[in-house]
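Only the coordinates and a few stated rules stand behind these numbers; no lab work does. Owing to the predicted nature of the structure, the values given are computational and were not obtained by experimental measurement. Positions of Cβ are backbone-derived with ideal geometry, glycine not excepted, and every protein chain shown enters the neighbour counts.
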Amino acid sequence: MANSKDTVYPLIKEGKLPRHIAIIMDGNGRWASERGLPRMEGHRAGANAVDKVVTCCRKTGIPTLSLFAFSTENWKRPDNEVKALFDLLNIYLKKKLNTMIKNEICLRISGDTSRIPEKSRKLIDSAIQKTSSFTGMTLNICINYGSRDELLCAIEKIIKNRISSGDIKKISSKPEWREIEENLYTSGLPDVDLLIRTAGEQRLSNFLLLQAAYAELYFTATGWPDFSDQDIYLAIMEFQKRIRKFGGLNEKNKTMEKIHE
Ligand code: IPE
Ligand code: IPE
Ligand code: MG
């Protein structure tokens, strides 16, 4: 059988792995509607997919995995759906903390946590504290996250730091990219190499726009609840085929240039 789990994995094993995979986990609602189920059931099935994908990325040796769990725009959804999503997050954190510890996964949260329900915040704080020393993989869950909000918060932090430094010249000087980066929620994480969106939409929906400046984009029609190990491997296989240039020339072009010199 072409491209089954067992045939794809050996293919990606020898190639260069992305240092940072970011996933827009979309399509829970449609997955449920297609089955005549309430949207909530789609989110529940989506939480199981999270579990599978985290385990798969850890086993495969992906250093950083970012998951878009709740956007700054998702507050527009009905209150009962928002509540259900945070309830699922609480269940996930309670159920998976020991697995994270066992697998040496370091949990990070990107987003404005001040607005998220207190119970979730407490569970998050405790899980972050208990996993902060681990280096097996960083799991960066993006909650109440939006790139525009992240940038505004970074600017606010920079202004505050500059004012408190008391250095008049520094206050109005043009920031370097490093200063912005250090004040993003994702500070210290590598740039996104591979950005995956499920369920057929081909847009970024305010997700890691700066960090994904040179990410390879991969869109799949598979809805998030059906996303499996094989889908991750296929995305990585596609990533390994792409030629990344970062605005420069790739190796083949450079050689051609030399020949014609
Ligand atoms: C993704 O699934 C989960 C969240 C955005 C929290 P959706 O709920 O967006 O599913 P669709 O897009 O309605 O199918
Ligand atoms: C993006 O999905 C947010 C998450 C996956 C958490 P949405 O379903 O909210 O995005 P749009 O509204 O289709 O752009
Ligand atoms: Mg959606």
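Put a dot 7 Å past the Cα of residue 251, heading toward its Cβ, do the same for residue 182, and the two dots end up 3.5 nm apart. For the chain, the equivalent ellipsoid derived from the Cα gyration tensor has semi-axes of 29, 29, 18 Å, listed largest first.
Between the listed residues 138, 78, 12, the Cα displaced farthest toward the positive end of the dipole of the chain, a dipole computed from Cβ unit charges relative to the Cα centre, is found at 138. Between residue 95 and residue 169, what is the FRET efficiency for a Förster distance of 41 Å, r being their Cβ-Cβ separation, to the nearest 0.05? E between residue 95 and residue 169, to the nearest 0.05, is 0.20.
Counting lysine pairs in segment 160-261 whose alpha carbons fall under 25 angstrom apart, excluding pairs fewer than 8 residues apart on the same chain, gives 8.
Ratio to report: Rg/Rh of segment 1-72, with Cα atoms as the point set and Rh obtained by the Kirkwood method; give two decimals. Checking Rg against Rh, the ratio lands at 1.05.
Under a point-charge model restricted to the Cβ atoms of Lys and Arg (+1) and Asp and Glu (-1), what is the dipole moment magnitude of the chain relative to its Cα centre, in debye to the nearest 20?
Roughly 380 debye for the chain.
Computed per residue of the chain from DSSP H runs no shorter than four, each worth -39500 (n - 2.57), the mean residue ellipticity at 222 nm is -15500 deg cm²/dmol.
Each part gets one Cα centre, and for segment 160-206 versus segment 5-60 those centres are 27 Å apart.
Test of understanding: express the Cα radius of gyration of segment 49-201 as a ratio to 2.2 N^0.38 Å, with N the residue count. Here the answer is 1.15, to two decimals. Could you list, in their original order, any pairs among 119/157; 16/157; 13/102 whose Cα atoms are separated by more than 28 Å? 16/157, as the Cα separations exceed 28 Å there.
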